[in-house]
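The values are calculated or read from the model by the stated rules, or taken from the named source; none is laboratory data. None of these values were measured; they are calculated from a predicted model. Ideal geometry is used to build each Cβ from the backbone, glycine not excepted, and the neighbour counts take in all protein chains shown.
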Amino acid sequence: MNKKISAAVASAALVLGAQSANAGIIIPAGEWTMDINGNVNVYANFSSSDDPSTTTVTGALVSVQDANGESDGQSINTGLLPAWLGFTGTTRQNDLDVSFTISMQPNVSENNTMGDSGDVVAWRQAFLTFGDKSWGTVKMGKDIGIFAKNAILSDMTLLGVGTLVGAERSGANFTSGGIGTGYIYPAWKGQISYTSPNFNGFTFTAGITNPNQNTPAVNHNRFGVEAEVAYAFDAGKVWVSGASYDVTTTSNTEYDAEAIDVGVNVNMGNLGLTAYYYTADGAGTTFFHSYGVDANNNERESDGGYLQATYVIPSGTKLGVSYGVSKLDTATGETNASLLEENKRWTVGAYHPLTKHLNLVAEFNHNEAENQGGEEIENDAVSLGAILFF
């Protein structure tokens, strides 16, 4: 049963851009081998908000009641992973391993009268790779970012839902998982990167990225730079990663957005433990560059992390509990009482491998947000559903 859980997590890692042989439906095609892979996941979500709409926490990941005082919301959605259909082709030419990956991410529900507008289809991957195990691999194109990638890959809500902002999530093609409550979203970025060979467990990845990632910038002095050093051992993995951007705003003001993290994931028999921490300056919270500076482009500091424990019981069900928090400070001299001070989350989940590829999921998530003035809002959500990998 442990192998079924591991296979599901490995499939999730593949969906998020990791490389794995024979992960999906393998089709020989002349000089190429095609791998068709992905997932379909569906959850019924029930959320309840405790606080009135008059409470403002700018940057919160917590729903409040609507103007009529309605506190409950329901939705049928995908979870942290959207539904996924990926195509990867691999070949060996001129002593090089060559590949391409293109993927699409449709939703399983829409908040639309006809339900067929198609406006929630995402395109997250379009990249090529070439290299050799003797000297490493070059990647060029759009894929998941390098900084904080392992934070999301180690998050147990990758197989579930995590943070759900009430009925507002109806029709969305993903929920937030632990994003913004323990780590900054790595996002999907145009990049040119290099990954080293495996040196007895040690690997490193470094690359340049599209600098206009989620900023109102008109120009930049350089590309974004992201890198990671990791060590994998029999019982788990340790990593350190970082990102640096030099932002030029529409008002011709420059500032640096930088972040660094450290994480460890250890598996001892049926027990799994994860600890993660990040700190940033000018990078903001939840999404890189979001709330990273004040109205005068003065940098705000932020940090956060999460602790997670899972255990696989004899039935094969993985039980897990996770606590995460993301904190944001005001800039020097800034007075902004409504600005977010912290988003935090408790998750309790059960993930049962009904078959090798199909997992049933039940989660409870409690979210809280507090602003710089000390006001708090909170909500609860229950999610029940299934995720199938192929």
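Checking each residue in the range 125-141 for being among the polar types (S, T, N, Q) and outside any strand (DSSP E or B) picks out only 134. Among residues belonging to the range 299-337 that are part of a strand (DSSP E or B) and aliphatic (A, V, I, L, M), point out the one that is nearest to residue 55 (Cα to Cα). Checked the range 299-337; the qualifying residue nearest to residue 55 (Cα to Cα) is 328. Checking each residue in the range 142-156 for being assigned to a helix (DSSP H, G or I), under 17 Å from residue 82 (Cα atoms) and either in contact with a Leu (Cβ under 6 Å, 6 or more places away or on another chain) or not β-branched (Val, Ile, Thr) (or both) picks out 149, 153, 156.
Each residue in the range 348-385 was checked for being part of a strand (DSSP E or B), of a type in the set (A, V, I, L, M, F, W, C), more than 19 Å from the chain's Cα centre (by Cα) and within 25 Å of residue 270 (Cβ to Cβ), and 5 pass.
Name the residues in the range 306-329 that are surrounded by 22 or more Cβ atoms within 10 Å (Cβ to Cβ) and under 21 Å from residue 187 (Cβ atoms), would you? Passing the criteria: 306, 324, 326, 328. Taking residues in the range 330-359 that are in contact (Cβ under 8 Å) with a residue 60 or more places away in the chain, and partners anywhere that are basic (Lys, Arg) and surrounded by fewer than 21 Cβ atoms within 10 Å (Cβ to Cβ), the pairs with Cβ atoms closer than 6 Å and at least 6 places apart or on different chains are 353/4; 356/4. Of the set (1) touching an Asp or Glu at 6+ places or on another chain (Cβ under 9 Å); (2) charged (D, E, K, R); (3) under 30 Å from residue 39 (Cβ atoms); (4) modelled with pLDDT under 95, all apply to residue 334 but (3).
Between 89, 59, 38, the distinction of being over 30 Å from residue 194 (Cα atoms) and not aromatic (Phe, Trp, Tyr) belongs to 59 only.
Picking from residues in the range 32-90 that are in a loop (DSSP other than H, G, I, E, B) and within 22 Å of residue 100 (Cα to Cα), the one that is nearest to the chain's Cα centre (by Cα) is 81.
Considering (1) surrounded by 17 or more Cβ atoms within 10 Å (Cβ to Cβ); (2) without any contact (Cβ under 8 Å) to a residue 12 or more places away in the chain; (3) of a type outside the set (A, V, I, L, M, F, W, C), the lone condition that residue 94 does not fulfil carries the number (1). Scanning the range 330-388 for residues that are buried (at least 22 other Cβ atoms within 10 Å of the Cβ) and of a type in the set (Gly, Ala, Ser) turns up 349, 369, 381, 383.
Only one residue in 296, 252 is at pLDDT below 95, at negative phi and part of a loop (DSSP other than H, G, I, E, B). Which one? Every option except 296 fails the conditions.
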